[in-house]
Amino acid sequence: MPLTRKPRIAIMGEFSSGKSTLCNVLMGARPLLEKVTATQLPPVWLSYGPDDAYTMGLDGQAYDLDLRDLDQVSLETTEHVRIFMKSDVLRYTDLIDMPGISDPSMSPEVWERMAHLADGVLWCTHATQAWRQSESGVWNSFPAEMRQNSLLLVTRFDKIINEGDKAKVLKRVRQETEGLFSDVFPMSLVQAMTAGDDEGKWLQSGAHGFTNALFDLIHRIIDEGYPEPGQEGMPMIRPDEADTAEVGQSLIARAFERKMAVRNTPVVRVAPRRVANTGERLLRTERPTADTGPTVVSFSDMFAAAAPSKRS
Ligand SMILES: Nc1nc2c(ncn2[C@@H]2O[C@H](COP(=O)(O)OP(=O)(O)OP(=O)(O)O)[C@@H](O)[C@H]2O)c(=O)[nH]1
Ligand SMILES: [Mg+2]
């Protein structure tokens, strides 16, 4: 039975491993999020909706939050910060930007009490010290069912200069995390964030493969999830309609939109016909009808769709 609410994807990892930068890459650069990156905060739960924010206190009360006061949010009395904004990627999933798992300036309780909310995790591990014992310890304490809904990002990959070293790190991390994540992606988040219309840079950043995997993951969570208690029999959650006033701030969101069009294309069933076995493997991709646009989302498609920006 499918999920009746949006999936919630937590972004986790050691401190300074790129969690908030990843959030920026997903949502598109926004001044607000730069502030989130710069401040010691409890978990930040991001959802789609008209601009609004509150803090949820440990006393169970919600308190209005003016985002200009973000740096005054108390770690001692706040369970999480909730921010609503019309960022396209949030039409598909909620995101929870977690503090670092062994941040010396913060008790693990700060993220532990929110961890149960996550349906899946994007785990950021710092390339030059990837997959430390502390990370493996925490991840092993999570339910095994979450592994297939989670991706491991080897971030700051640009910090490893030598190609041989890159391959070595990736091989070791893949070996040590075998079966623990649905997939592993080396990424340069800074490169992805600053790629602009430079296709080479975007591809080199690793963001393209990650985007596809994330889209699939979100839909797997929806398709294979469970309805909220009391919502059994309710229809499956669908992405919010795009709000024309506020369009596509990230290339990832643009790519999602194209992939969504393909996903929503009804599959036309035709009688099977005999095909001579030529030994070639047939590509099992859905075939879009003529008016639904390209099946393969290329960088230039995404960028053409993203520009010109409607934000001014
Ligand atoms: N070169 C490079 N720098 C990166 C990359 N990802 C993140 N950084 C930088 O690393 C620093 C920390 O990144 P954040 O995104 O704040 O890390 P974080 O995991 O949110 O950190 P905490 O919330 O403090 O635990 C920032 O200065 C980023 O610009 C990357 O892929 N390459
Ligand atoms: Mg952060």
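The values are calculated or read from the model by the stated rules, or taken from the named source; none is laboratory data. All values reported here derive from a predicted model rather than from experimental measurement. Positions of Cβ are generated from backbone atoms using ideal geometry, with glycine treated the same way; all protein chains shown enter the neighbour counts.
Here are the numbers for this structure:
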{"quantity": "Region 201-222, residues that are farther than 14 Å from LEU122 by Cα and either of a type in the set (A, V, I, L, M) or over 17 Å from the mean Cα position of the chain (by Cα) (or both)", "calculated": "LYS201, LEU203, GLN204, ILE222"}
{"quantity": "Which listed residue is modelled with pLDDT under 55 and either in a helix (DSSP H, G or I) or touching a His at 6+ places or on another chain (Cβ under 6 Å) (or both), from ALA261, ALA305", "calculated": "ALA305"}
{"quantity": "From ARG68, ARG91, residue being closer than 29 Å to LEU3 by Cβ and either of a type in the set (D, E, K, R) or out of contact with any Leu (no Cβ under 6 Å at 6 or more places or on another chain) (or both)", "calculated": "ARG91"}
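Every residue, every condition in (1) more than 16 Å from ligand 1 (Cβ to nearest atom); (2) closer than 22 Å to ALA53 by Cβ; (3) of a type in the set (Val, Ile, Thr), yes or no:
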site: ASP69; (1), (2), (3): yes, yes, no
site: VAL81; (1), (2), (3): no, yes, yes
site: MET85; (1), (2), (3): yes, yes, no
site: VAL89; (1), (2), (3): yes, yes, yes
site: ASP97; (1), (2), (3): no, yes, no
site: GLU112; (1), (2), (3): no, no, no
site: GLY120; (1), (2), (3): yes, no, no
